[in-house]
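Step one of this worksheet: look at the structure below.
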Amino acid sequence: MRKALRWLLALTVLIGTLSTAGAATAAEPEPTDIKDRLLSVPGMSLIQEKPYPGYRYFVLNYTQPVDHRHPSAGTFQQRITVLHKDVSRPTVFYTGGYNVSTTPSRREPTQIVDGNQVSMEYRFFTPSRPDPADWSKLDIWQAASDQHRIFTALKKIYPENWISTGGSKGGMTATYYERFYPKDMDGVVAYVAPNDVVNDEDSAYDRFFAAVGTKECRDRLNAVQREALVRRAPLEKKYEAYAAENGYTFTTIGSLDRAYEAVVLDYVWGFWQYSLLADCATIPADAATATDDEIWTSIDTISGFSFYTDQGLEPYTPYYYQAGTQLGAPTIRFPHIEKKYIRYGYQPPRNFVPRDIPMRFQPRAMHDVDSWVRQHARHMLFVYGQNDPWGAERFRLGKGAKDSYVFTAPGLNHGANVAGLTADRKSLATARILSWAGVPTSAVTAARPLAKFDSKLDVRDVEREPTLRP
């Protein structure tokens, strides 16, 4: 009997001890410092914190499943950054669709709403690439699911409204994310987002190049492009020397000759993607009498002779893989160039991806997204540049879309933004972004950015990227 009593007393003490320990654990306060809160997210680790006045800026790794359908099949580290303003402010979720910059920056919607910004590196862009790389897991649904997991993890820290955004391939990414996870975001701002619904039908681009800018400018560009092919032999000798000097090789595309033509055929497209009509003054006025060096320099400045080398293509393998499996890629005609000068034409994405990576095109992927946007878009804003070739095939809205808009910035290129819209469109777009962000009605009515322009954070120039890549 005494043994039983002693055992019961000991058990009572043990239970009390465990209860007290549990109560103590439960009573521990959650971290208050934003770095500690971010690092308390399972799978989150710090790479670096960088100072910036008025913000905290973190470069982080987040553990993601290689395959969101089978999370146990392996993980990889995805790089993200957080520009922290205040947990009481709205949050903008940004991706450019490629590598993420680790320099503090603020996208236009972030300035408009004076909020926080989470930026994501797109899967398979190094270092955010699984090892080994199963390329079949690089698709728009897997990438959207990356965003969904990041949002789900960080929404507990940033509970106010969220807006997703991105430019070019990033604008496409924001749109795909909305299509697959329409309940996550409170609004979407997609800049200059191409929409290649039918990959084999690209006449919209031909119509664009027949009318863009002025006839004088088009004639100058066309003449330089043609002349570069007429002078193929001497300029390819220059290219050979250039490649040898820099250690460039051409295994992926197949030959220096293929690379040379690809660079030249990018020339007109590249000009309108990155330049303004006023920049036509920099194009040789008479291509026929221009020197070889003048033709070379003009092509190199706009297209870049280094790009179709193995070294130039390698960082963009994930993009070309997606272009050749889901996104589609443009093909245009060159009526100003005789057929005898064109050997290959616009080459398909398959030619820009190493042959040991299998590819198969999925024609339904873009049709599905386009149909969803037309019928189900909610709180979505698409901004295009009048003179941007990528806007020739764009997202459009149908009768089912609600509180959504497609605006065009007059005279602008691939760097078009809300600030470049006409005054009435600019006010409407700004007001809708503020409303989606959940800021006070007075701020929505004023329709002005809530944060002052910062010349370091708010870079407005279009990012210099290789041509024929959104």
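See the values below:
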| read-out | value |
| --- | --- |
| Solvent-accessible area, 1.4 Å probe, carbon plus sulfur percent, for the range 41-155 | 51 |
| Degrees, to the nearest 10: 140-154 long Cα axis against longest axis of the chain | 40 |
| Globularity index of the range 227-334, i.e. its alpha-carbon radius of gyration over 2.2 N^0.38 Å | 1.12 |
| DSSP beta bridges in the chain [antiparallel fraction, %, rounded to 5] | 50 |
| Convex hull volume per residue in cubic angstrom - Cα atoms of the chain | 193 |
| Stretch gain in nm, segment Ala423-Leu46, where the contour uses 0.36 nm per residue and the Cα spacing is subtracted | 131.5 nm |
| Percentage relative contact order, the chain, counting C-alpha pairs under 8 Å, at least six apart | 17 |
| Spin-label model distance (nm) - Val459 vs Arg360, 7 Å beyond Cα toward Cβ | 3.9 |
| Inter-label distance, nm, simple model (7 Å from Cα along the C-beta direction), Asp33/His70 | 4.2 |
| Hz values of 3J(HN,Hα) by residue in the range 266-275 - Karplus curve (6.51, -1.76, 1.60), Gly and Pro given as x | 6, 4, 5, 4, x, 4, 5, 5, 10, 10 |
| Per DSSP, loop trypsin sites (Lys or Arg not before Pro) in the range 293-387 with at most 10 further Cβ within 10 Å | Arg360 |
| Cα-centred dipole magnitude for the chain, charges only on beta-carbon of K, R (+1) and D, E (-1), debye, nearest 20 | 1700 |
| Residues whose placed amide H lies under 5 Å from that of Thr75, excluding near-sequence neighbours | Val66 |
| Efficiency of FRET from Cβ geometry, Asp219 and Arg374, R₀ 41 Å, rounded to 0.05 | 0.65 |
| R0 of 25 Å, Cβ-Cβ distance Glu201-Asp403: FRET efficiency to nearest 0.05 | 0.25 |
| Other-chain or far-sequence residues with amide H under 5 Å of Thr408's (modelled H) | Tyr384 |
| Packing rank of 452-458, 436-442, where each peptide gets the mean count of other beta carbons within 10 Å, highest leading | 436-442, 452-458 |
| The chain - mean residue ellipticity at 222 nm from DSSP helices (-39,500 (n - 2.57) per run, n ≥ 4, rounded to 500) | -11500 deg cm²/dmol |
| Accessible area of the range 352-470 belonging to carbon and sulfur atoms, whole % at 1.4 Å probe | 50 |
| Per residue, in Å², the accessible surface of the range 83-142 once ligands and nucleic acids are set aside, probe 1.4 Å | 29 |
| Estimated FRET transfer efficiency (Ala211, Asn99; beta-carbon r; R0 41 Å; 0.05) | 0.75 |
| Residues in the range 336-350 that a label on Asp257 would reach, taking backbone N under 13 Å of a point 7 Å out along Cα→Cβ | 341-345 |
| Cα long-axis angle, helix 423-437 against the chain (0 to 90 degrees, to the nearest 10) | 30 |
| Positive-end residue, the range 225-311 charge dipole about Cα centroid, Cβ charges, pick of Gly247, Tyr260, Leu277 | Tyr260 |
| On Cα atoms only, tilt of 256-265 relative to the major axis of the chain in degrees | 90 |
| Among 287-300, 160-173, the order from most to least packed when residues are scored by Cβ within 10 Å on average | 160-173, 287-300 |
| Distance (nanometres) between label positions extended 7 Å along Cα→Cβ at Tyr242 and Asp286 | 2.5 |
| Over 30 Å between alpha carbons, listed pairs Lys169/Lys452; Lys137/Lys238; Lys237/Lys456 | Lys137/Lys238; Lys237/Lys456 |
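The values are calculated or read from the model by the stated rules, or taken from the named source; none is laboratory data. Keep in mind the model is a prediction, meaning the values are calculated, not measured. Because the Cβ atoms are built from the backbone with ideal geometry, glycine has one as well, and the counts that use them run over all protein chains shown. Heavy atoms of the whole protein, side chains included, go into the accessibility calculation; ligands, DNA and RNA do not. Shrake-Rupley method; radii C 1.70, N 1.55, O 1.52, S 1.80 Å.
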